[in-house]
């Protein structure tokens, strides 16, 4: 039975396998990353089920109107964190993984382990942090949610000053709890993608990042992008579902495009960055589709850029 290998991850990241740190290799070796391709009849049933869900009209759409929903979700996560004795594993969002039906290399598959998607993400995150964030003394995550990415970075690089920003007061409170209980150099701040705080201090020694958070702004990314262009951080890392990477001639991709547009996820951000690069206002360092995801989409596309 196939599994994601060291070579698969290196290819997805666009680096030689020798560039992966021993700690990243250990994550790969320790995870159950086996899967099987679906038989034709299984795949047909799955595709019909996806189409039925898309046509059923029951999917929610993103936007500022969901702020109370997210605040409730992170409030529940805060309670769960404390009930688990402040265990950092309790910060893992329930919407990352949990299903054995996944996307691998542009098609559907069944994973051996329902934790497959989260395990693959943890490998990606470990490589990303080690490969790109080492030069920066300060890192800010926008739309930080439960803070699980910041907690992982704090354990990996305890010397860094970390800031978690979210429009949810519950998220900001949870970030404070994490810092208090684990002694991390971590601060939580309120932040609105649609109305960024011009007084927030960011400079060339800082890196900013988003993980499936900028997706929530849809096509209204302009205020945040203008904010980044004005503040000029040293590096901007985004792991977000990216329409520009899908192939509409592929059935799984065509369904992902329909899902993405129905949910009104991030739309046009990479295209605008390419325009800014042509204008000499930005430099794109990486724009890659990693090649795996969940049943409905791939949110694991990587965009790394810097304002000029």
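When 131, 152 are checked against the criterion of being modelled with pLDDT of 95 or more and under 20 Å from residue 182 (Cβ atoms), 152 stands alone in meeting it.
Could you tell me whether residue 229 is part of a loop (DSSP other than H, G, I, E, B) and either at pLDDT 95 or above or closer than 25 Å to residue 58 by Cβ (or both)? So residue 229 fails the test. Within the set 179, 151, 170, the sole residue that is touching a strand residue (DSSP E or B) at 6+ places or on another chain (Cβ under 7 Å) and buried (at least 19 other Cβ atoms within 10 Å of the Cβ) turns out to be 179. Just give me the residues in segment 189-222 being over 18 Å from residue 93 (Cα atoms), touching a residue at least 12 places away in the same chain (Cβ under 8 Å) and not in a loop (DSSP other than H, G, I, E, B), in sequence order. If the condition is that a residue be over 18 Å from residue 93 (Cα atoms), touching a residue at least 12 places away in the same chain (Cβ under 8 Å) and not in a loop (DSSP other than H, G, I, E, B), then 189, 190, 206, 207, 208, 217 are the ones that fit. Of the helices (runs of 4 or more DSSP H) entirely within segment 12-105, those holding at least 1 residues that are touching a strand residue (DSSP E or B) at 6+ places or on another chain (Cβ under 7 Å) and at pLDDT 95 or above occupy 40-56.
Filter segment 126-145 down to residues that are touching a residue at least 40 places away in the same chain (Cβ under 8 Å) and surrounded by fewer than 21 Cβ atoms within 10 Å (Cβ to Cβ) and give me whichever is nearest to residue 72 (Cα to Cα). Once the filter is applied, the top-ranked residue is 138. In segment 274-303, the qualifying residues are those that are in a helix (DSSP H, G or I) and free of Cβ contacts under 8 Å to residues at least 40 places away in the same chain, and the one that is nearest to the chain's Cα centre (by Cα) is 274.
Test residue 285 against the criterion of being surrounded by fewer than 21 Cβ atoms within 10 Å (Cβ to Cβ) and closer than 20 Å to residue 141 by Cβ, and give yes or no. Yes; evaluated as a whole, the condition is true for this residue. Being on the phi > 0 side of the Ramachandran plot and in a loop (DSSP other than H, G, I, E, B), is that true of even one residue in segment 156-177? No, there is no match, as no residue in segment 156-177 is on the phi > 0 side of the Ramachandran plot and in a loop (DSSP other than H, G, I, E, B).
With respect to residue 255, determine if the residue is crowded, with 19+ Cβ neighbours inside 10 Å, over 21 Å from residue 147 (Cα atoms), touching a helix residue (DSSP H, G or I) at 6+ places or on another chain (Cβ under 9 Å) and touching a residue at least 40 places away in the same chain (Cβ under 8 Å). The answer is yes for residue 255.
Residues checked against (1) on the phi > 0 side of the Ramachandran plot; (2) exposed (fewer than 15 other Cβ atoms within 10 Å of the Cβ); (3) touching a strand residue (DSSP E or B) at 6+ places or on another chain (Cβ under 7 Å):
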{"residue": "196", "(1), (2), (3)": "no, no, no"}
{"residue": "199", "(1), (2), (3)": "no, yes, no"}
{"residue": "205", "(1), (2), (3)": "no, yes, yes"}
{"residue": "230", "(1), (2), (3)": "no, yes, no"}
{"residue": "240", "(1), (2), (3)": "no, no, yes"}
{"residue": "248", "(1), (2), (3)": "no, yes, no"}
{"residue": "261", "(1), (2), (3)": "no, yes, no"}
{"residue": "279", "(1), (2), (3)": "no, yes, no"}
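Once segment 241-270 is narrowed to residues that are over 13 Å from residue 219 (Cβ atoms) and outside any helix (DSSP H, G or I), the residue that is farthest from the chain's Cα centre (by Cα) is 249.
The values are calculated or read from the model by the stated rules, or taken from the named source; none is laboratory data. Everything quoted here is computed from the prediction, not taken from an experiment. Quick reminder, even Gly has a Cβ in these numbers, built from the backbone with ideal geometry, and neighbours come from all protein chains shown.
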